[in-house]
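The values are calculated or read from the model by the stated rules, or taken from the named source; none is laboratory data. Source: prediction; values computed, not measured. So basically every Cβ, Gly included, is an ideal-geometry build from the backbone, and we count neighbours across all protein chains shown.
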Amino acid sequence: MNKEPKAQRPRKRWKRILKWTASIIVLALILWGFIAYWTSSNDCKQYAAVPTNPMKAIVYCDYGLPNLKLQEIEKPAPADDQLLVKVRAASVNPLDWHFIEGTPYIMRALGVGLRKPADTRLGVDFAGTVEVVGKNVTQFKPGDEVFGGRTGAFAEYVCVREARAVALKPANITFEQAASVPIAGITALQGLRDKGKVQSGQKVLINGASGGVGTFAVQIAKSYGAEVTGVCSTRNLDMVRSLGADHVIDYTKEDFAKGTERYDVILDNVPNHSLSECRRILTPKGKYVMIGGGGPNEGRLIGPFGRVIHTLLLSPFISQKMGMMLAELNQKDLTILADMMQAGTVKPVIDRTYPLSQIADAIRYLEQGHARGKVIISVE
Ligand SMILES: NC(=O)c1ccc[n+]([C@@H]2O[C@H](COP(=O)([O-])OP(=O)(O)OC[C@H]3O[C@@H](n4cnc5c(N)ncnc54)[C@H](OP(=O)(O)O)[C@@H]3O)[C@@H](O)[C@H]2O)c1
C-alpha cells in the first residue's frame, strides 16, 4: 500500500486551510461588492417634493448624459460662513463628463457612487453676484461680483464658504470669462509654478495648447518669462501664437517627440506619447507634468492611474522629474489669476456659450476633445 510520509501531512493540511481561507475571502469580497453595488443610492428622493423656494439646477440621478435634467429644486440658504451667489455663468470641464459617466470606473469605488452618482449635482466653475452673506462673513458683501469653484455650479444659485475657492471678479472681465477660469486656470498655474517650477528663460512645451488648460498655460508660462512651444492642430496655430507662444507645432504634420529640441518643462494635457518618448525630449533635469488623463473613452477602467504608477516607479531611477498633478482650487490662486486678468497678462479664451437648458450639448461638444479655449454655460 502507498502510504503518505508522516512529515508531509501537516504541510498538506496547511495548504488546504490556506486554500479555503483565500476562497472564503474572495467570496466575501464578491458578496460585499454585490451588496454595496445594489444598495448604493443617492439623495434623489428629495427632488420629488415641491420646492418652497425654487431655483433651477441640473441634477442627475443615474449615470449617463441622457439622465441630466434641468429641474426646480430648493434654493440653498447660506450658513454663517457662506455667501449665496446668484450664478451668471458657469463653465464645463472634462471633470464634468467623468462624473456624468462615472468613469474611469475606479472613481465609483473611490466614493463617486457605485451604481448611481452619490452627489446628484454637477458643475464646479461659476461666476456671479453675491446675493446674501452669512453673519460671520467679512470679506464679501451683497452685490460683489465673484468667481470660484463649488460643486453644483450648474444652477441659478450656489452657496460657498468665504474662505474656500471664491474671489472677487476683476471689473475688466465678463462673467463668462471669469467662469472659464477656476479649474483650467488653476491647473495651468499650479502645473507650471508648483510642479514645473518654471523659471525665466526656460523652454516649456505645452501639449494641447489650444484647450481650456492649454490656453491659460501658454499665457502663464509667457508671464514667467519662459520660451513657450504650443502643440495644437492646424486651425488653432494662429490662436496659440496670438496668446504669446514663441513656437507652435502642428500635431497633424509633425510629432513633437521626434524633434531635436530639448525642454525644461513639458505640461502634458494630452497624454498621447509614452513616458520614454517624453523623457527623450526633456533636458537631463527637466520636468514632465502630467495633466490630462485622456478622453472619455480611454482607460474606462482605471483611467490615468496606470500611467501615474509608471511615473512613480520610474522617478527614483532617473534624473528628470515626472509626475501627475491634481489641481487644488483655493482662494489664493484665484486671486493671483484675478490679478493677472486685471493686468491683462492673462485673457480667457471662450469657444462657445450654451444656455443652462442645453448643458448636454455643451458636454457633448467638450467630449469631442477639440474645444478651442473654454465652453461656457450662461445662467441668465
Ligand atoms: N490634473 C488635473 O487637475 C486636471 C485639471 C483640469 C483638466 N485636466 C485634464 O486635462 C486634460 C485637458 O483639459 P482641458 O480642459 O484643457 O480639455 P479641453 O478643453 O477639452 O482641450 C482639449 C484640447 O486638446 C487638444 N488636442 C486634442 N488632440 C490633440 C493631440 N493629438 N495633440 C495635441 N493636442 C490635442 C485639442 O486641440 P485641437 O482642437 O487643436 O486638436 C483641444 O484644444 C483633460 O484630460 C482633463 O481631464 C486635469
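Brief remarks on what is shown
- Residue within segment 333-354 that is more than 20 Å from the chain's Cα centre (by Cα), more than 16 Å from the ligand (Cβ to nearest atom) and over 25 Å from Pro170 (Cβ atoms) present: no
- When each of Ala163, Ala188, Ala209 is tested for being out of contact with any Lys or Arg (no Cβ under 8 Å at 6 or more places or on another chain), within 16 Å of the ligand (Cβ to nearest atom) and assigned to a loop (DSSP other than H, G, I, E, B), the lone residue that passes is Ala209.
- Residue match in segment 127-141 (condition: surrounded by 23 or more Cβ atoms within 10 Å (Cβ to Cβ) and within 16 Å of the ligand (Cβ to nearest atom)): no
- Hits in segment 191-206 (condition: within 11 Å of the ligand (Cβ to nearest atom), part of a helix (DSSP H, G or I) and buried (at least 22 other Cβ atoms within 10 Å of the Cβ)): Gly191
- Positions within segment 270-317 being within 15 Å of the ligand (Cβ to nearest atom), closer than 22 Å to Lys258 by Cα and loosely packed, with under 13 Cβ neighbours inside 10 Å, in sequence order: Ser274
- Residues located in segment 220-255, provided they are out of contact with any strand residue (DSSP E or B) (no Cβ under 9 Å at 6 or more places or on another chain) and buried (at least 24 other Cβ atoms within 10 Å of the Cβ): Ile220
- Residue list for segment 32-46, filter: surrounded by 10 or more Cβ atoms within 10 Å (Cβ to Cβ), closer than 21 Å to Tyr157 by Cα and over 27 Å from the mean Cα position of the chain (by Cα): Gln46
- Among the candidates Glu367, Glu380, the residue that is more than 12 Å from the ligand (Cβ to nearest atom), among the charged types (D, E, K, R) and touching a residue at least 60 places away in the same chain (Cβ under 8 Å) is uniquely Glu380.
- Candidates Lys15, Lys6, Lys19, filtered to the one that is modelled with pLDDT under 85, more than 27 Å from the chain's Cα centre (by Cα) and over 17 Å from Thr151 (Cα atoms): Lys6
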